[in-house]
Protein chains: 2
Amino acid sequence: MTRTSISHPWEELKRLAELGDASLLHQYFEGLSGGEAARALSRLSSELQTKVLTTLEPEDAADVIEEIPEAQAVDLVEHLSADDAAAILTAMPSDEQADLIAAMRDDDAEAILSELSPQEASEVRTLADYASDVAGGLMVTEFLSYAETATVGDVVNALQSGAEEYAGYVVQYLYITSERGSLVGVLPLRDVVLARPSRAVAELMVSEPLSVVDSTPLDDLSDIFDRHELLGVPVVDSSDRLVGVVKRHDVEEAFAERADSDYLKSQGIVGGEELRSMPLWRRSRRRLSWLSINVILNIAAASVIALYQDTLTSVIALAVFLPIISDMSGCSGNQAVAVSIRELTLGLVRPGELVRVWTKEVAVGAINGLVLGVIVACAAWLWKGNAFLGLVVGSALALNTVFAVSIGGTVPLILKRFRVDPALASGPVLTTLTDMCGFFLVLSLATLALSRLVG
Amino acid sequence: MTRTSISHPWEELKRLAELGDASLLHQYFEGLSGGEAARALSRLSSELQTKVLTTLEPEDAADVIEEIPEAQAVDLVEHLSADDAAAILTAMPSDEQADLIAAMRDDDAEAILSELSPQEASEVRTLADYASDVAGGLMVTEFLSYAETATVGDVVNALQSGAEEYAGYVVQYLYITSERGSLVGVLPLRDVVLARPSRAVAELMVSEPLSVVDSTPLDDLSDIFDRHELLGVPVVDSSDRLVGVVKRHDVEEAFAERADSDYLKSQGIVGGEELRSMPLWRRSRRRLSWLSINVILNIAAASVIALYQDTLTSVIALAVFLPIISDMSGCSGNQAVAVSIRELTLGLVRPGELVRVWTKEVAVGAINGLVLGVIVACAAWLWKGNAFLGLVVGSALALNTVFAVSIGGTVPLILKRFRVDPALASGPVLTTLTDMCGFFLVLSLATLALSRLVG
């Protein structure tokens, strides 16, 4: 126990929460990073967490909520009363409001929405209805738009009078709309600086600007920001009306979150998110739903061994090599899975290119299988002094390595094609197939060479 | 083979490369995303890749190079002649130049640097010497700075006269420096728009602005951008001189790349990057360096089984359950590893908090171990009609699940503390320890209950 030597920021937070002083709490969070705030909050009881959020001014509480992981934010807000939650929500930007509401239990979300003004509630509802990985779900509704009939002077005046309110806005671009509300141009703020006040906005703006419809998926948005040095892209609805702006930052954040989530899924964390501050039963249930599928698949794969009990009884040394072949083939296959998932995410490979991926993997698998096979063969030979035992287990591992990388490389592409999440399902499919094939190879080769192995 | 039904953008690229028309090639890449460009290029022979890059105008070639994954970009540039590479490099922003040079083989990098002007070469060298995950390695040196004695009018004039050149700059903030070159203030472009030309910059600027020293690590930068709504933060050297600007975009990109790289490492891709367009030998060698460590550890773990050959010969059914226990414990342990690596990255847990993580994991492990143990026990009982066999394998799996999550949860923290990369090393450590413990538990429990299991 090194308790005394570590600084515990949550002990300070606990003290401040019990004190109940809004400005001291505000100061405390000012000095913390998002990770540190999340860490300190997760150590408090849910009563004290509630006390912290209700003691802070709603704006400050909103800042804290925005900085911590979403899963934890949802937990915290669900513990608040609906009117406290609504006050904090009102102080958040539109996209964060919508994300939080969309991630909450329906009854909690409804309770909070009913505390908002009808107009605000309807805006949040509209945003929360979008999937979280399309332009509509990623956009903010805080943007600056002006009529196409305005002059530069009008724009500067409008900017000056609203300077305070626009603090959180995307102000690098001003959007110019027609009378019907459809987007007709974009005016970079830079150009406003450099232009005479009397000039018409319509002359100065970039007309036919780049825009996306609200249903544009994350991958396409990411491509757009890859290709264009823009901080934000305007979003229009199906009737071409300007409805929001999707910011580069939010697209990159969503893309990074998906990579994190894929990693957790590939290791069997269903939903792609677990924090140890979540309730025990939820953590256990999510992990278990993946494990229990795996245990059934594992039993099915191991039943191949049961078919060869006679061979095993004659050459008990084989039992030592079965787990080695299972583990090593799993390792080789998972390397291929990881490269395929990464190349799919980067768009370097399409789900149809099975033959290309397979050819590339077989070459690597043949080299690596040969090396691993020789290592295991030598180990078997040295241990039992029987070269045939080495030959059996070594060639089984070599062949199964080629099989494992073939399966590992192609399965993510096939799953993607059938719209199954490759990060979640590739591992179990791979392990089951390579285990079955590996056990079959060792034990059937051993059965063929039985006379050379016994005695 | 579905060859005819898929569109092959690289066949078009091949045709255009052979044609050798710079403007057609430029048009072609204009319409592609980064992923598509990378995918098309990776399908060409290295001669044609070189032809594409040398046919394009250096500015256009630089745009292509910036959009594709760095590992592929390095390969492409290393195949160019030093003067072609230097021409393209000159057209890139400073941070991309430095990243590329830092990732190349030393002799290739030197050959290219010797083609640059001495001043440019020295700038690239300075940037490339920074680690890629500190402010100095992430910053760009393209920024706008003005003397503290300037007026708003001076700044607007300077901006107007250089408008063309500043296209790729961070223009949202103007940096104000003292005569000695040290940073004294920041002036948001917004404020320039709203101010009278006669006002002094020194009155208007935010003095004592936020800045970071060039050695600030990625995690701290990410925290700063988390906490402040800024697009860029000025970077100063140890003598307080303004040397660059680190952009939010670059910090987020580096953070996302680290998550991707951690995922690949956790699956045994050494170096955290592999594209199937890389040479076969490099791919094979990197994967093999991880596999060969694993096979040795696997053999060591399986040698536990060799100690119990008599028990195994008496109860051959146990051989079926050894791989199941090994695989399932691996799955449970890897879930704990994934959550720990994620919480370490988010800063939610510190390497010292072993006891807290262990307590949280033991609770989940106990529940999940019980469920999995009962499933496997039932399978064994049903198969062999022997309740004691079920009891032995079920309780071994239950106990080993608790062991696996304890190891899986804490090993990443311990590795991090000793500055070993947890993403790369956690898996092998986990698998070896849980296999050993699992085999020992099944076989020693079976040895104790041997009289009940035989017959």
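The values are calculated or read from the model by the stated rules, or taken from the named source; none is laboratory data. Just so we're clear, the structure is a prediction, and the values are computed from it rather than from any experiment. Cβ: placed from backbone, ideal geometry, glycine included. Neighbour counts: every protein chain shown. Surface accessibility is based on the protein's heavy atoms, side chains included, excluding ligands, DNA and RNA. Shrake-Rupley method; radii C 1.70, N 1.55, O 1.52, S 1.80 Å.
Below 13 angstrom from the Cβ of A:Thr431, what's the summed charge of the other residues (Lys, Arg +1; Asp, Glu -1)?
Net charge around A:Thr431: -3.
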Review point. Quick one: if the Förster radius is 51 Å, what FRET efficiency do B:Ser46 and A:Arg241 give, using the C-beta to C-beta distance and rounding to 0.05?
Key: 0.55
**Study point:** Hull-based mean projected area of segment B:145-257, where the convex hull spans the alpha carbons, in square nanometres
**Key:** 7.4 nm²
Review point. Relative to the longest principal Cα axis of chain A, at what angle does helix A:152-161 sit, 0 to 90 degrees, rounded to 10?
Key: 90 degrees
Check your understanding: So for segment A:145-257, taking the charge dipole from beta-carbon charges (+1 Lys/Arg, -1 Asp/Glu), which of A:Val245, A:Val152, A:Pro234 sits furthest toward the positive end?
Key -> A:Val152
Exercise for review: Could you name the aspartates and glutamates whose alpha carbon sits less than 14 Å from that of B:Lys416, not counting residues in the same chain fewer than 8 places away?
Suggested key: B:Asp262, B:Glu343, B:Glu353
Review point. Per q in 0.15, 0.17, 0.21 1/Å, what log10 I(q)/I(0) does a Debye calculation on the alpha-carbon atoms of segment A:183-315 return?
Key: -0.90, -0.99, -1.18
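Buried accessible area between A and B (1.4 Å probe, both chains summed, ligands and nucleic acids excluded), in Å² to the nearest 100?
So the total buried area for this chain pair works out to about 10400 Å².
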Practice item. Taking chain A as the reference, fit the longest principal axis to its C-alpha atoms, fit the long axis of helix A:9-19 to the helix C-alpha atoms, and give the angle between the two in degrees, 0 to 90, nearest 10. Key: 40 degrees
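Taking N as the number of residues in the protein assembly as shown, what value does Rg over Cα atoms divided by 2.2 N^0.38 Å take?
1.04
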**Study point:** Fraction in percent of alpha-carbon pairs per bin - 10 Å, segment B:291-434
**Key:** 12, 37, 31, 16, 4, 0
**Study point:** Local net charge near B:Val315, Cβ-Cβ under 12 Å (Lys/Arg +1, Asp/Glu -1)
**Key:** +1
Review point. Quick one: longest stretch of chain B between exposed loop trypsin sites (Lys or Arg not before Pro), exposed meaning at most 13 other C-beta atoms within 10 Å and loop per DSSP?
Key: B:181-418
Revision key, fill the gap. Under the 7 Å Cα-to-Cβ spin-label approximation, B:Ala82 and B:Ser178 lie apart by a distance in nanometres of 4.2 nm
Point to revise | Spin-label pair A:Arg105/B:Ala131, simplified geometry with 7 Å Cα→Cβ offset, distance in nm | key: 4.5 nm
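How much area per residue is accessible in the protein assembly as shown when the probe is 1.4 Å and only protein heavy atoms are counted (Å²)?
Details: 37720 Å² over 910 residues.
Ligands and nucleic acids excluded, the result is 41 Å² per residue.
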Practice item. Enumerate the residues in segment B:183-201 having an amide nitrogen under 16 Å from the point lying 7 Å beyond the Cα of A:Ser198 toward its Cβ. Key: none
Study note, to complete from the structure: Computed for segment B:197-307: size of charge dipole around the Cα centre, +1 on C-beta of each Lys and Arg, -1 on C-beta of each Asp and Glu, debye to nearest 20, value 900 debye
Practice item. For A:Lys14, go through the lysines and keep the ones whose alpha-carbon is under 26 Å away, minus same-chain ones fewer than eight residues off. Key: A:Lys51, B:Lys360
Review point. Can you give the longest stretch of chain A with no exposed loop site, where a site means GluC sites (Glu not before Pro) in a DSSP loop (not H, G, I, E or B) with at most 10 other C-beta atoms within 10 Å?
Key: A:230-455
Review point. Any idea what the dipole of the protein assembly as shown comes to, in debye rounded to 20, about its Cα centre with Lys/Arg Cβ at +1 and Asp/Glu Cβ at -1?
Key: 5640 debye
Check your understanding: Roughly to the nearest percent, how much of the accessible area of the protein assembly as shown is carbon and sulfur, given a 1.4 Å probe?
Key -> 56 percent
Exercise for review: For chain A, calculate the relative contact order in percent as a whole number, restricting contacts to Cα pairs under 8 Å that are 6 or more residues apart.
Suggested key: 11 percent
Check your understanding: Taking only Cα atoms, what is the 0 to 90° angle, nearest 10, from helix B:248-266's long axis to the longest principal axis of chain B?
Key -> 20 degrees
Check your understanding: So, in Å, what gap is there between the alpha-carbon centers of segment B:358-434 and segment B:195-246?
Key -> 49 Å
**Study point:** Label-reachable residues, segment B:395-417, where backbone N falls under 20 Å from a point 7 Å from B:Lys384's Cα toward its Cβ
**Key:** B:395-401
Check your understanding: Tell me, what HN-Hα J-couplings in whole Hz come from the Karplus equation 6.51 cos²θ - 1.76 cosθ + 1.60 at θ = phi - 60° for each residue of segment B:66-77, using x for Gly and Pro?
Key -> 5, 7, 9, x, 4, 4, 6, 4, 4, 4, 4, 5
Point to revise | From phi via Karplus (6.51, -1.76, 1.60), per-residue ³J(HN,Hα) for segment B:113-130 in Hz, x at Gly/Pro | key: 4, 5, 8, 7, 5, x, 5, 5, 4, 5, 5, 4, 4, 4, 5, 5, 6, 5
Study note, to complete from the structure: Mean shadow area (nm²) of the C-alpha convex hull around segment A:1-99 is 6.4 nm²
Point to revise | Furthest towards positive pole of dipole, A:Pro279, A:Val124, A:Ile88, structure part chain A, Cβ charges | key: A:Pro279
